[in-house]
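Participant: Supplied in structure tokens, the structure appears directly below.
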Amino acid sequence: MDMFLKFPRLCGRKPWRRPQAFLIFLIIAATAPGFFCPFECRAAPFAPPAGREGSTAINMDDPAFVGWATGYENYEPGTHLDAAWQTPEQAVGKASGTSYNVVSLGRGGRITLIFDPPIQNGEGWDFAVFENAFNDYHLELAYVEVSSNGIDFVRFDSVSLTPGPVSGYGTVDATLIDGLAGKYRQGYGTPFDLSDLTEKDAVQSGVVDLDRVTHIRLIDIIGDGSYPDSLGNPIYDPFPTTGSAGFDLDAIGVSNGAPYPDTGGSNGPPPTPRPEKEGKEGFGGQGGCFIRILHN
């Protein structure tokens, strides 16, 4: 059990980040004395929307960002997608935080973004994915996978506890989902920590190097429940939608791995020093985590 139930790290990592840990928690709670209340009446298990206490949402202007995607490849748009939204160039560079400067994936579509220099597995979250949800509840979701060679990918574990189908204009509770891109409204990124992948077979074998992640692939989740989370639960998000169907990618920002501008690689300003007190920057009110300087 110790391999799952870890204490949070300094940079805001949650003890229940991994789906396996959450499942163990449910088993323990269900057999504990006094567990008479249905799960729905207890506190929601995952981080709430941006701006609320405990949220892990990362503002697009957070100084922890030191780089953004530098290119893309293998854009494979899904169905129910107008040509006007098939603009993969919109996902390169800094997040815009608007409803329009995005590339839509369509139902079941996918795209791979390229990072040069690579992303490195550092302290706390290493990158954040931005979608264009116009509020905290109309959330379109995607799987997130990483690679260090553009060929072999490993996927982040995910959990979806949304109890049933969501209409095209319906809502998704952010506190019931984890490990999926699209958890937060436009202008706020969903953070991902490469350390969550250390036990994956491809990482253990060295096929995927978490200290040199060069590619991130996003795969739209068709929200009718036909796509599962890591525990086999059906994933629901607004369905059906048309025109700009599927996940709408704004950008992916990097917190760990890109060198500072004076080493010739970053396309943004260097991060400021660690804040004097918790909550000024970085992990959405839980402290900042910054890269180490690279030396030639």
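The values are calculated or read from the model by the stated rules, or taken from the named source; none is laboratory data. Quantities reported herein were computed from a predicted structural model and do not represent experimental measurements. FYI the Cβ positions are ideal-geometry reconstructions off the backbone, even for glycines, and counts take in every protein chain you see. Just the protein is used for accessible areas: all its heavy atoms, side chains included, with ligands, DNA and RNA removed. Shrake-Rupley method; radii C 1.70, N 1.55, O 1.52, S 1.80 Å.
Participant: By average Cβ neighbour count within 10 Å, what is the ranking of 205-215, 100-110 from highest down?
Facilitator: Top to bottom by mean Cβ count within 10 Å: 100-110, 205-215.
Participant: Say each of D61 and N74 gets a label point 7 Å from the Cα, pointing the same way as Cα to Cβ; how far apart are those two points in nm?
Facilitator: 3.6
Participant: For the stretch 96-180, what is the charge dipole size about the Cα centre, in debye to the nearest 20, if Lys and Arg each add +1 at the Cβ and Asp and Glu each add -1 at the Cβ? Working shown, then result.
Facilitator: On the way: 3 positive and 11 negative charges, 71 e Å.
My answer is approximately 340 debye.
Participant: Could you order the peptides 116-123, 80-87 from most to least packed, using the average number of other C-beta atoms within 10 Å per residue? Walk me through the numbers on the way to the answer.
Facilitator: On the way: 116-123: 19.9, 80-87: 14.9.
Going from most to least packed, we get 116-123, 80-87.
Participant: Moving on. Could you look at the stretch 96-192 and say what percent of its accessible area is carbon and sulfur, using a 1.4 Å probe and all protein chains? Mind showing how you got there, number by number?
Facilitator: Numbers: 1470 of 2940 Å².
Carbon and sulfur atoms account for 50 percent of the accessible area of the stretch 96-192.
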